Structure formats: C-alpha cells, structure tokens
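Down below is the structure, laid out as structure tokens.
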Amino acid sequence: MTLIKTKEGESVDIVLHGTVADIVHNQMELGKYDSAEDVVYEALEALVKKNINDGLERGLQDIEEGNFIELTPSNISSVADAIVSKSI
C-alpha cells in the first residue's frame, strides 16, 4: 500500500497491522476518507499540531517560571554563541 511520497516524489510503502489497520479501514468504510493515505495524512497532521501546541505550552510555562533570557543588543552575540556551541 503506497501511503507516503517524499519531496522528490518517491513512494514509501508501509504496512499497517492490528488495531491501526482496523482504525484506518473503519474510517474509510464510514466514508470519512477516500484512501488510507488520507487517514494517515490527517493523523500525522494532528500529531504535528499537537507537538507544536505542546512546545508552545512548555515555552509559556518557562516564561511563567522565569526560565528565559531576555535578548538585548549587549547579550545577543554571547547567547547566540552559546546556542551554536551546544549544537556542535
């Protein structure tokens, strides 16, 4: 079953088993989706939105708890350098 195409247009085949396959099949039988790809796409889209919302909630919680650094012209270079050095 072809469900995913890469940006380059390549297809990626996946096999769904058990409960996941049943859910996809049931959603299609109910007429909510035209294809398994549509079901998977919407599920992944919801997951991405949830991850974004979770990240925003963590960020807001950090702000409320005072866990942030205010960027100013005098500290922005040192903060950027610290971020770069941690990512290397």
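Structural remarks
- GNM result for the chain, Cα springs below 10 Å: residue of S35, S74, S11 fluctuating most strongly: S74
- Only one item in (i) 6.6; (ii) 10.2; (iii) 5.5 matches mean projected area of the Cα convex hull in nm² derived from the coordinates shown, and that item is (ii).
- Angle between the chain longest axis and helix 76-87 axis [Cα atoms, degrees, rounded to 10]: 50
- For the chain, the longest principal axis of the Cα atoms and the long axis of helix 36-64 meet at an angle of about 20 degrees.
- Full extension of the chain segment joining V79 with H25 gains 14.4 nm, where the gain is 0.36 nm per residue of separation less the Cα-Cα distance.
- Note on the chain: Lys pairs 8 or more places apart or on different chains, Cα atoms under 25 Å apart, count 7.
Any read-out appearing in this document is the output of simple, stated calculations on the displayed coordinates, not a laboratory observation. If you're wondering where the values come from, they're calculated on a predicted model, not measured in any experiment.
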